[in-house]
Amino acid sequence: VAYEALNQDFNLAKSSVYSKTKNSSKGNSLSLRDGAILKNADLFNAMLIGSTNNTARLIVQSSGLSEKSFIASVNKRLDNWGADDTKIADVTGLDAQNKSTPRNLLKIATRILENPNLKTTLSKTKYTFKELPSKAGALTHNINSPNKIIPLTSANYKIIASKTGSTDEAGTVTMMLV
């Protein structure tokens, strides 16, 4: 989602308004009130660092494409990258129809980590931000990576980038560049 959004009309310098009706999601979600205004850069960080699914839906909405068109664009890009055993069915990653292989995930990770915005964001383990003032108020959010391996790291190596995901079908999946 992040890579595709950056290649569409999603602008990190702009802001977006959260709609519970349009953006809510199952799974891990950032606690947002209807009408909350967030900087797109904060949405981007919350989605990638905290694996928040409602922020993924808001990012897609702010990309200028419908979810259906966005998914089609992602799948076309993945085919172009040679990740031909990967199919994306939804923008949160939770749909049981999302399919991939370890080899394809390596191809995808290699390509997305070429993007400096993505690599920098995926190197973070924590992120704090405050919503922009709105009728809904302006809460402060503290985001932590769900990667349980990060606190176990020793001085012998450095984690350069990390992303986790989890579904009932796949279990826990972790990508790390060490």
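The values are calculated or read from the model by the stated rules, or taken from the named source; none is laboratory data. This structure is a prediction, so every number in the text was calculated from the model and none was measured. Cβ placement follows ideal geometry from the backbone for every residue including glycine, while neighbour counts extend to all protein chains displayed. We work out accessible area using only protein heavy atoms, side chains counted, and drop any ligands, DNA or RNA first. Shrake-Rupley method; radii C 1.70, N 1.55, O 1.52, S 1.80 Å.
I'd like to check something: does segment 93-103 contain any residue that is under 16 Å from Met47 (Cα atoms) and touching a residue at least 24 places away in the same chain (Cβ under 8 Å)?
Yes - at least one qualifying residue is present in segment 93-103.
Restricting segment 73-82 to residues that are of a type outside the set (S, T, N, Q) and under 17 Å from the mean Cα position of the chain (by Cα), which is surrounded by the fewest Cβ atoms within 10 Å (Cβ to Cβ)?
So in segment 73-82, the residues of a type outside the set (S, T, N, Q) come out as 74, 76-79, 81-82.
Checking the rest, the ones that are also under 17 Å from the mean Cα position of the chain (by Cα) come to 74, 77-78.
Working: Val74: 21, Arg77: 16, Leu78: 21.
Per the stated criteria, the residue is Arg77.
So in segment 115-138, with the set limited to residues that are charged (D, E, K, R) and more than 16 Å from the chain's Cα centre (by Cα), which one is modelled with the lowest pLDDT?
If we filter segment 115-138 for residues that are charged (D, E, K, R), which is where we start, we get 119, 124, 126, 130-131, 135.
Next cut, more than 16 Å from the chain's Cα centre (by Cα) only: 130-131, 135.
Numbers: Lys130: 97, Glu131: 96, Lys135: 87.
Looking at residues that are charged (D, E, K, R) and more than 16 Å from the chain's Cα centre (by Cα), I get Lys135.
Just one of the numbered conditions (1) exposed (fewer than 14 other Cβ atoms within 10 Å of the Cβ); (2) in contact with a Gly (Cβ under 6 Å, 6 or more places away or on another chain) is not true of Leu94; which one?
(1)
What number of residues within segment 1-20 are assigned to a loop (DSSP other than H, G, I, E, B) and among the aromatic types (Phe, Trp, Tyr)? Spell out how you get there, then give the answer.
Residues of segment 1-20 that are assigned to a loop (DSSP other than H, G, I, E, B), as a first pass: 1, 7-14, 18-19.
Still in the running and among the aromatic types (Phe, Trp, Tyr): 10, 18.
Adding up the residues that qualify gives 2.
Can you pull out the residues in segment 111-136 that are of a type outside the set (Lys, Arg), over 16 Å from Thr52 (Cα atoms) and either open to solvent by less than 40 Å² (accessible area, probe 1.4 Å) or touching a strand residue (DSSP E or B) at 6+ places or on another chain (Cβ under 9 Å) (or both)?
Looking only at segment 111-136, we keep the residues that are of a type outside the set (Lys, Arg), and these are 112-118, 120-123, 125, 127-129, 131-134, 136.
Narrowing the set further to residues that are over 16 Å from Thr52 (Cα atoms) leaves 112-117, 120, 123, 132-134, 136.
Once the filter is applied, which keeps residues that are of a type outside the set (Lys, Arg), over 16 Å from Thr52 (Cα atoms) and either open to solvent by less than 40 Å² (accessible area, probe 1.4 Å) or touching a strand residue (DSSP E or B) at 6+ places or on another chain (Cβ under 9 Å) (or both), segment 111-136 yields Ile112, Leu113, Asn115, Thr120, Ser123, Leu132, Pro133, Ser134, Ala136.
For segment 1-22, give me each residue that is acidic (Asp, Glu) and surrounded by 21 or more Cβ atoms within 10 Å (Cβ to Cβ). Quick ask: steps written out before the conclusion?
Going through segment 1-22, the residues acidic (Asp, Glu) turn out to be 4, 9.
Matches in segment 1-22: Glu4 only.
Across segment 23-54, what is the number of residues that are closer than 19 Å to Leu94 by Cβ, surrounded by fewer than 21 Cβ atoms within 10 Å (Cβ to Cβ) and free of Cβ contacts under 8 Å to residues at least 40 places away in the same chain?
2
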